[in-house]
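Asker: Just dropping this structure here.
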Number of protein chains: 2
Amino acid sequence: MGFALPTLGRHVLIEFYGCPSDIIENNRLIEKYMNEAADYAGATIVESVFHHFNPYGVSGAVIIAESHLTIHTWPEYGYASVDVYTCGDSVSPWKAADYLGEKLQAKKTESFEVPRGMVDKIKQYAEQDIHEVQVKPTLKGVK
Amino acid sequence: MGFALPTLGRHVLIEFYGCPSDIIENNRLIEKYMNEAADYAGATIVESVFHHFNPYGVSGAVIIAESHLTIHTWPEYGYASVDVYTCGDSVSPWKAADYLGEKLQAKKTESFEVPRGMVDKIKQYAEQDIHEVQVKPTLKGVK
């Protein structure tokens, strides 16, 4: 038995240890996997930005209509740090996390989920009365 | 008394409740504040991407040499969700968090810090022996 926690978003933080360095130093591959993970989770990709640092490491973000995915890698240490933040119940952050876990081939994965945007607190502190809280609307007319 | 936790990064998650909607619906203002926060914290900005959703909300990320800042806002609910992730000890994520707290004028702020990339686990699971762990080098030759 459990109960539903009314929240706008779900944020999963993942630590991938012991990843093969040839995977996590590859900027294009990491960008591909991150976009595929977003897509696999059912998210709508808005924009993707990735940078390769010299001598090591990739940093990037995928902005999705439902929030974001980010990654930072330290190939020299086999470590990749991933965040998957989704809002709404049509997308599961864990699908993206699992997808990346498979692709990054970590020897050890640690992860946990943080609820973001508690509905009770939104109602308590909002300027005006809020009767019903809905998540961010689907992507129409991104400006 | 405390002790130093050997970690690559520091990740601060912040919930801003009760923000004036005219601030957090303003895409350009939010991008400006996020970049200023990164700068104020001493971070090196690599790229900034922001989107305004129709009818409501801003989503954006600032990639910094030291990792990232992200924000998602729900102006209709007065809520803004911010992450500040920094690596190394030259930049404090809390400086950026405090700066944004002042600018977003939240009635209620909740935040906590998560250590990212535990050095002990990096050493345990790395492919090769690692004697000394250093954070990502300063920004030279971003590709």
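The values are calculated or read from the model by the stated rules, or taken from the named source; none is laboratory data. None of these values were measured; they are calculated from a predicted model. We place every Cβ from the backbone using ideal geometry, glycine too, and count neighbours over all the protein chains shown. Just so you know, the surface numbers come from the protein's heavy atoms only, side chains and all, with ligands and any DNA or RNA stripped out. Shrake-Rupley method; radii C 1.70, N 1.55, O 1.52, S 1.80 Å.
Asker: Which distances in nm, rounded to one decimal and ordered from shortest, link the label point of B:PHE112 to the equivalent label points in the other identical copies, with labels set 7 Å from Cα toward Cβ?
Answerer: 0.6
Asker: Leaving out ligands, DNA and RNA, what percent of the accessible area of the protein assembly as shown is carbon and sulfur, probe 1.4 Å?
Answerer: Taking all protein chains in place, the protein assembly as shown shows 47 percent carbon and sulfur surface.
Asker: Also: Pop a pseudo-label 7 angstrom from the Cα along the beta-carbon direction at both A:LYS32 and A:GLU47 and give the gap in nm to one decimal.
Answerer: Here the modelled spin labels are 2.5 nm apart.
Asker: Could you identify the residue of B sitting closest to the B-A rotation axis by Cβ and state that distance rounded to whole angstrom?
Answerer: Axis-proximal residue of B, distance in whole Å: B:ALA61, 2.
Asker: Excluding ligands, DNA and RNA, what is the accessible area buried between chains A and B, summed over both sides, using a 1.4 Å probe, to the nearest 100 Å²?
Answerer: Values: alone 9070 and 9040 Å², together 12630 Å².
The summed interface area works out to 5500 Å².
Asker: What gaps in nm, shortest first, separate B:PHE3 from its twins in the other copies when you place the label 7 Å past Cα toward the beta carbon?
Answerer: 3.7
Asker: Taking every Cα atom in chain A, find the radius of gyration and the maximum pairwise distance Dmax, and write them in Å.
Answerer: Calculated on Cα positions, Rg and Dmax stand at 16.6, 53 Å.
Asker: Anyone know which of A:ILE14, A:ILE63, A:ILE122 comes out most mobile in the 10 Å Cα GNM of chain A?
Answerer: A:ILE122
Asker: Give me the residues in the stretch A:44-73 whose solvent-accessible area, probe 1.4 Å, is reduced by at least 40 Å² once all protein chains are included instead of the chain isolated.
Answerer: Residues passing the criterion (a loss of at least 40 Å², heavy atoms only) are A:GLU47, A:VAL49, A:HIS51, A:HIS52, A:PHE53, A:ASN54, A:ILE63, A:HIS68, A:HIS72.
Asker: OK, next. Between helix B:93-104 and chain B, what is the angle of the helix's C-alpha long axis to the longest principal axis, kept within 0 to 90° and rounded to the nearest 10?
Answerer: Relative to chain B, helix B:93-104 is tipped by roughly 0 degrees.
Asker: Would you report the distance distribution of C-alpha pairs in the protein assembly as shown as whole percents per 5 angstrom bin, up to the bin with the largest distance?
Answerer: Percent of Cα pairs in each bin: 1, 6, 13, 17, 20, 17, 12, 8, 4, 1, 0, 0.
Asker: Helix-only estimate, please: 222 nm mean residue ellipticity of chain A, summing -39500 (n - 2.57) across DSSP H runs of length 4 or more and dividing by its residues, to the nearest 500.
Answerer: Using -39500 (n - 2.57) per qualifying helix, the result is -7500 deg cm²/dmol.
Asker: Rounding to the nearest 10 and keeping the result within 0 to 90°, find how far the Cα-based axis of helix A:27-40 lies from the longest principal axis of chain A.
Answerer: The answer is roughly 30 degrees.
Asker: Placing a label point 7 Å from Cα toward Cβ, how far apart in nm is A:ILE45 from its equivalents in the other copies, listed shortest first to one decimal?
Answerer: 2.6
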